[in-house]
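The structure appears below as structure tokens.
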Amino acid sequence: VVGYPVDYRTGETTSDETLWPVKPQGNITRAEVASIFYRLLKDDVRAAKTTNVSPFSDVSADDWYGTTVATLAEMGIVGGYEDGSFHPNAPISRAEFAAVATRFFENTDIAYEEGLFSDIRGDEWFAKNFAAAFRLGLIGGYPDGSARPARTITRAEACAIVNRTLQRVPEKDHLRPTSEMRTWPDNSDTNA
């Protein structure tokens, strides 16, 4: 995860990374998600698949996210909208994120079981992806039985889902000392 290159106090651009905020409760965009998953590709996969030729009308090669979105689109990991756009700066929904995350797994053709969530009928484009993400333990429902598939994902939630996708669980013996860990000024351990 990379912070935003601005001083968290003033909003002015800075190269001092200790001042960069990570904005954990802010929405994460579709382009940011594509960039995170692109960085997770194995080097040989990235080398073989990288392209900057985008199928989307609103993503060009010179956009900061142009290569990441184009590559993941080529791989079938991200998709766009019926009008040919991607909406790179739009917040990503839980349904969209579930679809992206489950495309990194094999055998996720899981049928949606009626009643799994109170707000998913089963015939929506994302129903199978959401069921797969739930079965894989990547994303959960809410105590009221809903999934809230249209709700946007925060940057903190995205990190949690990515870690679950990678089956990455912190083990105390593998962690750096706290004094050496990367921290962000707007995400102290008291904000957890």
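Could you list all residues from the stretch 89-104 that are touching a Gly at 6+ places or on another chain (Cβ under 9 Å) and in a loop (DSSP other than H, G, I, E, B)?
The one that is touching a Gly at 6+ places or on another chain (Cβ under 9 Å) and in a loop (DSSP other than H, G, I, E, B): Arg103.
Restricting the first residue to the stretch 142-160 and requiring it to be closer than 16 Å to Ala31 by Cα and in contact (Cβ under 8 Å) with a residue 24 or more places away in the chain, which pairs with a second residue that is buried (at least 16 other Cβ atoms within 10 Å of the Cβ) and basic (Lys, Arg) meet a Cβ separation below 8 Å and a spacing of at least six or different chains?
Close Cβ pairs satisfying both conditions: Thr152/Arg94; Ile153/Arg94; Arg155/Lys23.
I'd like to know if the stretch 78-94 contains one or more residues that are at pLDDT below 95, in contact with a strand residue (DSSP E or B) (Cβ under 6 Å, 6 or more places away or on another chain) and open to solvent by 30 Å² or more (accessible area, probe 1.4 Å).
no
So in the stretch 10-31, with the set limited to residues that are free of Cβ contacts under 8 Å to residues at least 60 places away in the same chain and among the charged types (D, E, K, R), which one is farthest from Glu96 (Cα to Cα)? Outline the logic, then answer.
Step one: of the stretch 10-31, the residues free of Cβ contacts under 8 Å to residues at least 60 places away in the same chain are 10-17, 31.
Filter again for among the charged types (D, E, K, R), leaving 12, 16-17.
Details: Glu12: 32, Asp16: 33, Glu17: 30 Å.
Only one residue fits best here, namely Asp16.
Only residues that are farther than 13 Å from Phe37 by Cα, touching a helix residue (DSSP H, G or I) at 6+ places or on another chain (Cβ under 8 Å) and of a type in the set (Val, Ile, Thr): list them for the stretch 143-165, please.
Matches in the stretch 143-165: Thr152, Ile153.
Kindly indicate whether Lys42 is under 15 Å from the mean Cα position of the chain (by Cα) and either closer than 24 Å to Ala160 by Cβ or among the aliphatic types (A, V, I, L, M) (or both). Full working, then the answer.
Numbers: under 15 Å from the mean Cα position of the chain (by Cα): no; either closer than 24 Å to Ala160 by Cβ or among the aliphatic types (A, V, I, L, M) (or both): yes.
Considered against the rule, which asks whether it is under 15 Å from the mean Cα position of the chain (by Cα) and either closer than 24 Å to Ala160 by Cβ or among the aliphatic types (A, V, I, L, M) (or both), Lys42 comes out as no.
I'd like the residue in the stretch 95-142 that is basic (Lys, Arg) and farther than 28 Å from Asp63 by Cβ and, out of all such residues, is surrounded by the fewest Cβ atoms within 10 Å (Cβ to Cβ). Give the derivation first.
Of all residues in the stretch 95-142, those basic (Lys, Arg) come to 103, 121, 128, 135.
Those still in the list that are farther than 28 Å from Asp63 by Cβ too: 121, 128, 135.
On the way: Arg121: 11, Lys128: 18, Arg135: 13.
Among residues in the stretch 95-142 that are basic (Lys, Arg) and farther than 28 Å from Asp63 by Cβ, the one surrounded by the fewest Cβ atoms within 10 Å (Cβ to Cβ) is Arg121.
For the stretch 45-72, how many residues meet the condition of being open to solvent by 20 Å² or more (accessible area, probe 1.4 Å), among the hydrophobic types (A, V, I, L, M, F, W, C) and part of a helix (DSSP H, G or I)?
Result for the stretch 45-72: 3.
The values are calculated or read from the model by the stated rules, or taken from the named source; none is laboratory data. The model shown is predicted, which means the values in this text are computed figures rather than measured ones. Neighbour counts run over all protein chains shown; Cβ positions are idealised from the backbone, glycine included. Surface areas here come from the heavy atoms of the whole protein model, side chains and all, with no ligands, DNA or RNA. Shrake-Rupley method; radii C 1.70, N 1.55, O 1.52, S 1.80 Å.
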